[in-house]
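What follows is a set of notes on a single structure, which appears directly below.
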Amino acid sequence: MRGIMLAKVLSAAVNGIEAFPVEVEVNAGWGDTNIVIVGLPDAAVKESRDRVTTALSNSGFKFPMGRTTINLAPADVRKEGPSFDLPIAIGMLAASEQIETDQLDNFVMVGELALTGAVRPVKGILSIAICARDSGKTGIFVPAENAAEAAVVTGLKVFPIQNLREAAAFLEGQAKIAPTKVDIEKMFEKTWDDEFDFADVKGQESVKRALEIAAAGGHNVLLIGPPGTGKSMLAKRLSTILPPLTLEESLETTKIHSIVGLLKAGQALVTQRPFRAPHHTASDAGLLGGNINPTPGEISLAHHGILFLDELPEFKRSVLETMRQPLEEGHVTISRAAGTMTFPSQFMLIAAMNPTPDGKMPGESRSSPREIQNYLGRISGPLLDRIDLHVEVPAVKFRDMTEAKTGESSAVIRERVMCARKRQQKRLIGTKITCNARMGSRELKAYCVLDEATKELLQFAMTDLNLSARAYDRILKVARTIADLAAAENITSEHISEAIQYRSLDRQLWT
């Protein structure tokens, strides 16, 4: 009678955007041939037994006889996805003595198995690689298509695995696999898209100025104007004047895109700031994230980038209202029966809308005052208060459309934006705040000091426009950014005046 053999293989699973270690324990014993997987597996994990046994047979290994029990520890956390196929297969080979190795404790393994024994890519590899390094492991086995993504984690050897037989031969010392290496600096050589450039935009100098201020301070923007004035065109070019992602920001963004499965085959990092433009029919789960098992939504996929909401009033009001907390706090918390997850969501909101239901300005519209008010009323005052700049996008003049001269390129504007951001980083050093839009009350008090004349100007504007306390804070933040663009140490009346004009348009329309 065959004795009982136990093998332990190290793996990891993703919870939210972070990964946690999982021990795959395989016990091969006597009894009727049966494979049992325990440890809160979901349907995809339960199906592993059929994929794994077929892959073992097709890779030239023996079908496991007797009762095989597979435990995924810790047993009180739900395990999802097919990423445990490879460690389960290796554990079964070790437990049935088809491979002999003392290397199992040195490696973390993840990968889905095809029926042929080939290893297929899985989601969340970056988070898993970071978990492996932090657990003190020397290396990680990953599908070959995921190797570049895992290799951005320093201090960890990443072994690209093509198939099950290759992994078994490597563990027994019968084959060599060269660890994957990547050049991170080379990845960041180009961080914007040449397809979009502000030089393509005819006229609209006042709107370009507003978007430059928004990019310099990380502010939210609402573009209001008739159809065909270039609102979408301008929004798509905003990412080309934003500063490049830092490595830390890139890693955070890549984690989220990896978990959702948006990385292209062989892509190691997200090096361009995300630009997400969900349709106005998007649900709150699509925008915020959720479903039965909470996953990141559009606002998290836009982390460190831009969330563009075109035709803003067409979104369900309930969906828009759920964005208030993420806009303020920079993260979103989702509670479901499966658990509570917190996803990062530090994004710039760029919204666009028509001023009336038929797209014309209020004085020219055929819509009744009640229809216009109902249309504008779909956007609440608290949401408007969280948008720093309200910008009118007028129709482009014929002279501007036919002019041969092009405007400033994105590269020129980006240089000014980056200079302003450097001033902010120097001022905010020692805090987790990265731009003026994220300043709290303490920073406002310290860095937005006004002289008496400027205070009086702001007080008059607050009273005249009937602005809220939140709008007051937004004006100060925008004025601080305008001063940074002008390389000014202090905020002056000129900076406050320009900031106030970006709050007046909504009052003209909504009152």
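The values are calculated or read from the model by the stated rules, or taken from the named source; none is laboratory data. Here the structure is a predicted model, which is why all the values come from computation and not from measurement. No Cβ is skipped: glycine too gets one built from the backbone with ideal geometry, and neighbour counts run over all protein chains shown. Note: areas computed on protein heavy atoms with side chains; ligands, DNA, RNA excluded. Shrake-Rupley method; radii C 1.70, N 1.55, O 1.52, S 1.80 Å.
If you count the DSSP beta bridges with both ends in the chain, what percent of them are antiparallel, to the nearest 5? In the chain, approximately 50 percent of DSSP beta bridges are antiparallel ones.
Once Rh for the range 1-144 is found with the Kirkwood sum over Cα pairs, what is the Stokes-Einstein diffusion coefficient at 25 °C and 0.890 mPa s, in µm²/s? In µm²/s, the coefficient is 164. Restricting the GluC sites (Glu not before Pro) of the range 314-396 to loop positions (DSSP other than H, G, I, E, B) with no more than 15 neighbouring Cβ atoms within 10 Å leaves Glu364.
Return the inverse of the average 1/r over all pairs of distinct C-alpha atoms in the range 294-384, which is the Kirkwood hydrodynamic radius, in Å to one decimal. Kirkwood radius, the range 294-384: 14.7 Å. For the range 22-87, GluC sites (Glu not before Pro) meeting the loop criterion (DSSP other than H, G, I, E, B) and having at most 16 other Cβ atoms within 10 Å: Glu47.
Accessible surface area normalised per residue over the chain is 45 Å², counting heavy atoms of protein chains with a 1.4 Å rolling probe. In this simple spin-label approximation, Trp30 and Lys316 carry label points 7 Å from Cα along the Cα→Cβ vector, and these lie 6.0 nm apart. Fully extending the segment from Thr340 to Glu23, taken as 0.36 nm per residue of separation minus the present Cα-Cα distance, adds 111.8 nm. Amide H contacts for Val108 (H built 1.01 Å from N in the peptide plane; partners 5 or more residues away or on another chain; cut-off under 5 Å): Gly139, Ile140, Phe141. The length gained on full extension between Glu100 and Lys455, counted as 0.36 nm times the residue separation minus their Cα-Cα distance, comes to 120.0 nm. If you take the beta carbon distance between Glu403 and Ala488 as r and set R0 to 25 Å, what does 1/(1 + (r/R0)^6) give as a FRET efficiency, to the nearest 0.05? The pair Glu403/Ala488 has a calculated efficiency of 0.20. A Förster distance of 25 Å, applied to the separation of the beta-carbon atoms of Ser504 and Arg324, puts the FRET efficiency at 0.65. Applying both filters, DSSP loop and at most 10 other Cβ atoms within 10 Å, to the trypsin sites (Lys or Arg not before Pro) of the range 247-314 gives Lys264. The fraction of accessible area contributed by carbon and sulfur in the chain is 50 percent, rounded to a whole number (1.4 Å probe; ligands and nucleic acids excluded).
What do you get when you divide the Cα radius of gyration of the range 261-342 by 2.2 N^0.38 Å, with N the number of residues?
Numbers: Rg = 13.3 Å, N = 82, 2.2 N^0.38 = 11.7 Å.
Dividing the Cα radius of gyration by 2.2 N^0.38 Å gives 1.14.
The gain in end-to-end length when the Ala114 to Arg366 segment is fully stretched comes to 84.6 nm, 0.36 nm per residue minus the alpha carbon separation. In this structure the amide hydrogen of Gly289, modeled in the peptide plane, comes within under 5 Å of the amide hydrogens of Gly297, Glu298, none closer than 5 places in sequence on its chain. The Cα atoms of the chain define a convex hull whose projected area, averaged across directions, is 27.7 nm².
Each Lys and Arg contributes +1 and each Asp and Glu -1, all at the Cβ; summed about the Cα centre of the chain, the dipole is approximately 180 debye.
Amide H to amide H distances under 5 Å link Val332 with Phe343, Ser345, where only residues 5 or more positions off or on other chains count and H is placed in the peptide plane. For the set Arg209, Arg399, Arg120, solvent exposure ranked by accessible area (probe 1.4 Å, protein chains only) runs largest to smallest as Arg399, Arg120, Arg209.
Tally Lys/Arg at +1 and Asp/Glu at -1 over every other residue whose Cβ is under 12 Å from the Cβ of Thr180; what's the total? Write out the running numbers ahead of the final one.
Details: positive: Lys157, Lys181; negative: Glu145, Glu149, Asp183.
So the surrounding residues net to -1.
A simple spin-label model places pseudo-atoms 7 Å from Cα toward Cβ; at Ile184 and Lys422 they are separated by 2.2 nm.
Summarising the label geometry, the points placed 7 Å from Cα in the beta-carbon direction at Val38 and Asp76 lie 1.6 nm from one another.
In this structure Phe188 has an accessible area near 50 Å², from a 1.4 Å probe over the protein heavy atoms.
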